[in-house]
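Worksheet: the structure to be examined is printed underneath.
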Amino acid sequence: MNSPFFDSLTHVSPDGTWLGRNHFDASLDRLLKEAGKISGYRACLVNIHGYQDNAYLEEVAKEYPELFVPIAGFDPSTHETPHSIRKELSELYERNFAGIKLHPRLNGYDPLDNRALYAIQEAARFNLVVFVDTLFRQLSITTKHTPDVIDKIAQACPDTKIILLHGGGTSMLDVYEIVRMRSNLMLDLSFSMMRYRGSSLDMDIRFICRTLDQRMTLGSDFPEYTPRECLEVALGIVDGLPEEKINNILHNNLHNMLHDWLSRN
């Protein structure tokens, strides 16, 4: 199978640390070496606010324009007013970011906070794709059931292109039902596909690949996993599917979601 792989989720840091620790090598050099192992590889280079620097990501994306699509880290809870949110989104658009990444768990806010919903809504104004980490559980606040949170976001933000990173984890099938009904949503299985290998979710993922091939994508979540590790597992899961479905999952869907940005660059 020679389909190109468009990786939905990678991260790098200037010093190679990951989330402030050294348990993974998140250096650009390592990612470039891993990228070179896959023919036709491209990736979204994604920041988490407070953990990676948007200016550094901007520099890397400019240096490797054929390889990386830059997605800025964004924390709506740091803003006091809607005007402030709108201003930062406008600036990120002008700096040629393709989207923003929201990480409620690591940034410690409620994903249904009015500021978060407003940021997702306003992202559509600037044609920014919103990457939302759906592993919402955190110690500091009580969150609702993941599919209910996603359903609320989908209801409130029907005009925004949203990639649901990690697919809701173990709530994947419930999230699948929401994505199936809404054309602005995409189900991403980065991290979850790798973390839950060998569990009953393997069957769920195969079902999703078979029945939602036009609205899902995959990513390595580098440095948690390497692109080649992810691709090898993915190819095992999609084995036997028609080539068109496999191409959708590995490349076409993410390309279509980011079409406007890609056409400008």
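Laboratory data are not the source of any read-out in this text; all were calculated from the coordinates shown. All values derive from a computational prediction rather than experimental measurement. Don't worry about glycine lacking a Cβ; one is built from the backbone with ideal geometry, like all the others, and counts go over all protein chains shown.
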Quiz item: Within the chain, what's the longest stretch lacking GluC sites (Glu not before Pro) that sit in DSSP loops with no more than 10 other Cβ atoms inside 10 Å?
Solution: 81-265
Self-check item: Geometric extent, Cα atoms of the stretch 113-265 - Rg, Dmax (angstrom)
Solution: 15.2, 45
Practice problem: Excluding residues on the same chain fewer than 8 positions from K37, give the aspartates and glutamates whose Cα lies under 18 Å from its Cα. | Solution: D7, D25, D29, E66, D221, E224, E229, E232
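How much net charge surrounds P147 when only the other residues with a Cβ under 11 Å from the Cβ of P147 are counted, with Lys and Arg +1 and Asp and Glu -1?
Local charge sum for P147: -2.
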Exercise. Any chance you could run the full-extension gain for R180 through H259? It's 0.36 nm times the residue separation minus the Cα-Cα distance, nm to one decimal.
Key: 26.4 nm
Quiz item: Taking R0 as 25 Å, what's the FRET efficiency between E66 and K37 from their Cβ-Cβ distance, rounded to 0.05?
Solution: 0.90
Quiz item: So for the pair Q214, D15, with labels modelled 7 Å out along Cα→Cβ, what separation do we get in nm?
Solution: 4.8 nm
Self-check item: Above-threshold pairs, the threshold being 28 Å between Cα atoms, out of K62/K152; K161/K245; K33/K62
Solution: K62/K152
Self-check item: Reach of K87 by Cα under 16 Å, taken over aspartates and glutamates that are not fewer than 8 positions away in the same chain
Solution: D75, E122
Exercise. Rank these for me by crowding, K152, K245, going from fewest to most other beta carbons within 10 Å.
Key: K152, K245
Quiz item: When the Cα centres of the stretch 214-238 and the stretch 146-178 are compared, how far apart do they sit, in Å?
Solution: 20 Å
Exercise. In nm, give the distance between the simple-model label positions of Q138 and T81, each being 7 Å from the Cα along the Cα-to-Cβ direction.
Key: 2.5 nm
